[in-house]
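Read-outs: derived from the displayed coordinates by stated rules, not from any lab. Remember, it's a predicted structure, so these values are computed and weren't measured experimentally. Please note: Cβ atoms are built from the backbone with ideal geometry, for glycine as well, and neighbour counts cover all protein chains shown.
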Amino acid sequence: MESRIILKAKDLSIEIEGYLILDKINLDVYEGELLGIIGMSGSGKTTLLSSLIGIFKPLSGDVYFSHKTNDGKLVFKSVTLLKEYFRQKVGFSSQVASFYEKLTVEENLRFFASFYGLPKHTSEERIKILLDLFELYIFKDKLAETLSGGMQKRLDMACALINNPKILFLDEPTANLDPVLKDQMWAIINKIHEQGTTILIASHVVSDLEQNCERLVILSEGKIIREGTPKEIRDDLALGSRILLETSPGNYQKIAGLLKKRKTLNQIRNEGQSLILFTQNGEQTLREIVEIANSLNERIISIEMNKPSLADYFATITEKE
């Protein structure tokens, strides 16, 4: 597996304005993978992505990039030492757009191509490929500021790909997109990944990363608290079955209190107008719910049982932390 590692953080700590944002992060990124970084706002996701491309000077530890020597030997060198070489190998699309609003779509792409020092024939070829990939060709002469939010996201990602990077970093790429545009963006991301690009995505939308990423990292308060495939993370926390209950008038505090005494639950949460329960014995818990609801004169409006999602596991993990 060592031969597949393209980027690694070792004991990486980052301090910003006196605050410890990342605390001894150890992370291996494998060539060609689609890696999701999950975390709530303030968990350190954006700082981690930025640190992996060398924006912040580490308080301790470092980030290393897989680099071939002249004789073909694979070695790891600090990204701060490789500097220009490493910059040519990565692309970054942040939450805040990096394109220029007063330039057209094509002018933006041409500018970023010049930023990387691409030869004219190479840049023109890349521009053509990206306009086609992101379906921006008909907008190529439009000012960036006149594009819709979804098209601006596409342009920003296209600018990050102009140098045909080995690793693409995406920070909340589907933020503020409606469901249709979000699905379209994920289709593009998966297409880029299929072409062999290593992609790291930071997001708080757990369901998106669960469906699309091969491996996940869960970040909480600047520390990696879980790492693995979606299945491995789910198996790590045996929550059993998930029951969603809605009753009327909805005295969930009493229902929860009586259910806890039965000792068949792993966890119970009150979310808005519903009660969410996790149990190892779904059928027994369903019988107990009906019995307790009847004793409290609660009318069951709806009740359903299914497998917990990764979002449930994420909530459980972060609550424990």
- So for the stretch 49-182, what percent of the C-alpha to C-alpha distances run longer than 26 Å? 30 percent
- Task: Mind pulling up the Rg/Rh value for the stretch 148-248? Radius of gyration and Kirkwood radius, both on Cα.
- Result: 1.04
- Task: Could you let me know the centre-to-centre spacing of the stretch 256-317 and the stretch 128-196, using Cα atoms, in angstrom?
- Result: 42 Å
- Could you tell me the largest-minus-smallest coordinate of the C-alpha atoms of the stretch 238-320 on each of the three principal axes, in descending order and whole angstroms? 34, 24, 20
- Task: Report the GluC sites (Glu not before Pro) located in the stretch 96-152 that are in a DSSP loop and have at most 12 other Cβ atoms inside 10 Å of their Cβ, or state none.
- Result: GLU101, GLU135
- Does anyone have the angle between helix 310-320 and the longest principal axis of the chain? Alpha-carbon axes, 0 to 90°, nearest 10? 80 degrees
- Task: Could you give the size of the charge dipole of the stretch 1-136 about its Cα centre, using +1 on the Cβ of each K and R and -1 on the Cβ of each D and E, expressed in debye and rounded to the nearest 20?
- Result: 340 debye
- What net charge do the residues around ASN163 carry, taking every other residue with its C-beta under 11 Å from that of ASN163, with Lys and Arg at +1 and Asp and Glu at -1? +4
- Message: Please give me the summed charge of the neighbours of LEU258: other residues whose Cβ is under 11 Å from its Cβ, Lys and Arg +1, Asp and Glu -1.
- Response: +1
- Multiply the residue separation of VAL180 and ASN297 by 0.36 nm, subtract the distance between their alpha-carbon atoms, and state the gained length in nm to one decimal. 37.8 nm
- Item | Among [x] 48, 48, 39; [y] 77, 45, 37; [z] 66, 46, 40, the entry that matches Cα extents along the principal axes in Å as calculated here | [y]
- Task: Rounded to the nearest 0.05, what FRET efficiency do TYR85 and GLU31 give with R0 = 25 Å and r taken as the Cβ-Cβ distance? Could you check?
- Result: 0.90
- Item | Dimensions (Å) - the stretch 129-171, Cα atoms, principal axes, largest first | 30, 22, 13
- Of LYS10/LYS68; LYS57/LYS120; LYS83/LYS166; LYS8/LYS166; LYS83/LYS142; LYS73/LYS166, pairs whose Cα-Cα distance is over 23 Å: LYS57/LYS120; LYS83/LYS142
- Item | Of all DSSP beta bridges in the chain, antiparallel share, percent nearest 5 | 70 percent
